[in-house]
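Colleague: Here's a structure for you.
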Amino acid sequence: MNKKVWIGVAIIVPIILFSTISIILSQSNQTMVVDVVQPQMGMINDEIMVPGEMDLAVIDHVMLQANEAYTVLVEEGDLVEEGTPLVEYDGADLVFQKEQLAIQIEGGYLRINQLNKQEEHLEEQQKTLEKDIGKEEARDHFRAEREQLQYEKRLANLDLRQLLAQKEQLEKREEDLIERSTIAGTVIVIKEDQDGVITIADPTSFIVKGFLSEYDSLEIMVGQKVDVVSDAIIDHSWKGEVESINYFPSETEVAGSGINYPFTVRLNDGDLSVLRPGYQVILNIVTQERQALTIPYSSVIQENEEPYVFVIIDGVAIQREVELGVATDGRFEIRSGLQQSDRIVTDIPSGLRNGTEVIIND
């Protein structure tokens, strides 16, 4: 019985092997219809990708003095211009000081006027006396009184100047009773407590803050173009440019990244209405634009990190390794392995092998 089984196995196995080899050979000799393209020269952007955080570009925080009585003159959501009054402090004590000072100033002017009249009266007395004893003798006679009046006038003028200076200080303090907006924007937050604040911002102007490594800080310059995307808002993107790069590194080290240089990107295109401060985004910073040979993604197969394409030579698909560069807009940069005159398979069909005969689909 065992002998018969072994005889059967010896007969069946060669048949299976022969059938498998026949199928493989038939498939390898099968002609396939393929679509082909030629490599094209196109614009390639060299980019550096870094994370960033959204922030308002124009914002002002007006701190409220909780130890003084005040009245807030605006409401959340109000549109304000630069110089718009925001809060007015109680100036009752200041009003009293101004009234007292006004009385003192008026008294100062009256004192000076009185001294001027005394001086005029003295001049008349001197002229009358000159007729009797002569000009020089009359002048000497009133010298002491005249010098006393001049001294008192100088003192009165000094007192008045001091009072006027105090008036200017009070007027300045009176102006400080009203806090005004330093920017045009929208009242975002009004917080009235021990740490009271009025926050005004322009919700139509955003920047992105981020950090550059030492290497990236050498590659990126002010004015370079930036594409901004968000994992949370997948159907939106924004464009901007690098606005500033700190000369000094950040004192706060980003975990595991070593020295970092803070930088900002100002957005200038895209729907800003969907943004809020604090959103996390990805910055693709264009460091260089250049012409390069490119092919579609669908023309490349990557196995074991060794990309290759199928080049059509004399009606046969020949597998050829290529060196890829950057990827952009659905195309790979080809650094080596292809020429612009080559014809390569795109939308590579399943089962295409090295050496397969092909017919080009017109």
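The values are calculated or read from the model by the stated rules, or taken from the named source; none is laboratory data. Given the structure is predicted, the values throughout are model-derived calculations rather than measurements. Don't worry about glycine lacking a Cβ; one is built from the backbone with ideal geometry, like all the others, and counts go over all protein chains shown. In case anyone asks, the SASA skips ligands and DNA or RNA and just uses the protein heavy atoms, side chains included. Shrake-Rupley method; radii C 1.70, N 1.55, O 1.52, S 1.80 Å.
Colleague: When ranked by the protection proxy of mean other Cβ atoms within 10 Å per residue, highest first, what sequence do the peptides 303-310, 182-189 form? Walk me through the numbers before you get to the answer.
Modeller: Working: 303-310: 13.6, 182-189: 16.5.
Order by mean packing, descending: 182-189, 303-310.
Colleague: Normalised by the residues of the stretch 183-317, what does the relative contact order come to in percent, with Cα pairs under 8 Å and at least six apart? Write down the numbers at each step before the final one.
Modeller: Values: 196 pairs, mean separation 30.1, N = 135.
It comes to 22 percent, rounded to a whole number.
Colleague: A further question on this structure: Between residue 301 and residue 164, what length comes free when the chain is fully extended (0.36 nm per residue of separation minus the Cα-Cα distance, one decimal in nm)?
Modeller: Details: separation 137, 0.36 × 137 = 49.32 nm, distance 8.72 nm.
Working it through step by step, the gained length comes to 40.6 nm.
Colleague: Note the full-extension length gain between residue 336 and residue 145 as 0.36 nm times their separation in residues minus their Cα-Cα distance, in nm to one decimal.
Modeller: Working: separation 191, 0.36 × 191 = 68.76 nm, distance 10.87 nm.
This chain segment gains 57.9 nm when fully extended.
Colleague: What lysines sit close enough to residue 209 to cross-link, taking a C-alpha to C-alpha distance under 28 Å and skipping anything fewer than 8 places away on the same chain?
Modeller: Answer for residue 209, where 28 Å is the Cα cut-off: 191, 225, 239, listed by chain and number.
Colleague: Quick one: net charge around residue 333, please, counting Lys, Arg +1 and Asp, Glu -1 for every other residue with C-beta under 14 Å from its C-beta. Write down the numbers at each step before the final one.
Modeller: Working: positive: 290, 331, 335; negative: 46, 47, 289, 323, 329.
After counting each charged neighbour, the total is -2.
Colleague: Between 0 and 90 degrees, rounded to the nearest ten: what's the tilt of helix 2-28 against the longest Cα principal axis of the chain?
Modeller: 60 degrees
Colleague: Next question. Given H placed on each backbone N at 1.01 Å, which residues far from residue 356 in sequence or on other chains put an amide H within less than 5 Å of it?
Modeller: Correct list: 317.
Colleague: Next question, about the same structure. Roughly how many percent of the accessible protein surface of the stretch 218-329 is carbon and sulfur, given a 1.4 Å probe and a whole-percent answer? Spell out each step's value before the answer.
Modeller: Numbers: 3220 of 6710 Å².
Exposed carbon and sulfur together represent 48 percent of the surface.
Colleague: Explain nothing, just compute: Karplus ³J(HN,Hα) = 6.51 cos²θ - 1.76 cosθ + 1.60, θ = phi - 60°, for every residue of the stretch 314-323 in order, whole Hz, x for Gly and Pro.
Modeller: For the stretch 314-323, the Karplus curve yields 6, x, 10, 7, 10, 6, 9, 6, 10, 9 Hz.
Colleague: Quote the relative contact order of the stretch 247-362 in percent (integer), defining contacts as alpha-carbon pairs under 8 Å separated by 6+ residues. Numbers along the way, then the final one.
Modeller: Working: 131 pairs, mean separation 24.3, N = 116.
Averaging sequence separation for qualifying contacts and normalising by length gives 21 percent for the stretch 247-362.
Colleague: If I take every Cα pair under 8 Å that is 6 or more residues apart in the chain, average their sequence separation and divide by the length, what percent do I get for the relative contact order? Walk me through the numbers before you get to the answer.
Modeller: Values: 631 pairs, mean separation 102.3, N = 362.
Relative contact order of the chain: 28 percent.
Colleague: Using alpha carbons only, how many degrees (0 to 90, rounded to 10) separate the axis of helix 143-176 from the longest principal axis of the chain?
Modeller: 30 degrees
Colleague: Okay, next question. Sequence neighbours fewer than 8 away in the same chain don't count; with that in mind, list the lysines whose C-alpha is under 26 Å from residue 153.
Modeller: Answer for residue 153, where 26 Å is the Cα cut-off: 98, 117, 127, 135, 167, listed by chain and number.
Colleague: What are the residues whose amide H is under 5 Å from the amide H of residue 57, where those residues sit 5 or more places off or on another chain and H is modelled from the backbone?
Modeller: For residue 57, whose amide H was placed from the backbone, the distant partners under 5 Å are 205, 206, 207.
Colleague: May I ask you to give the solvent-accessible area per residue for the stretch 212-254, in square angstrom, as obtained with a 1.4 angstrom probe?
Modeller: Per-residue accessible area for the stretch 212-254 comes out at 71 Å².
Colleague: Run the dipole for the chain about the Cα centre, Lys and Arg Cβ at +1, Asp and Glu Cβ at -1, nothing else charged, and hand back the magnitude in debye, nearest 20.
Modeller: Details: 30 positive and 65 negative charges, 320 e Å.
Charge dipole, the chain, about its Cα centre: 1540 debye, nearest 20.
Colleague: 5 Å is the cut-off here: which amide hydrogens, built 1.01 Å from N in the peptide plane, fall below it relative to residue 182, excluding neighbours closer than 5 in sequence?
Modeller: So residue 182 has HN proximity to 83.
Colleague: Same structure again: Assign one of three labels to the chain, namely rounded, prolate or oblate, based on the Cα gyration tensor with a ≥ b ≥ c the square roots of its eigenvalues; rounded applies when a/c is under 1.5, prolate when it is not and a/b is larger than b/c, and oblate otherwise. Provide the component values of the computation, followed by the final result.
Modeller: Numbers: a/c = 5.69, a/b = 3.87, b/c = 1.47.
Prolate is the answer for the chain, as a/c is 1.5 or above and a/b outweighs b/c.
Colleague: Please turn the phi angles of the stretch 102-109 into ³J(HN,Hα) values with the Karplus equation 6.51 cos²θ - 1.76 cosθ + 1.60 (θ = phi - 60°), one per residue in order, whole Hz, x for glycine and proline.
Modeller: Values per residue, Gly and Pro as x: 4, 5, 5, 5, 4, x, x, 5 Hz.
Colleague: Would you kindly find the accessible area of residue 151, with a 1.4 Å probe and non-protein molecules such as ligands, DNA and RNA excluded, rounding to the nearest 10 Å²?
Modeller: 110 Å²
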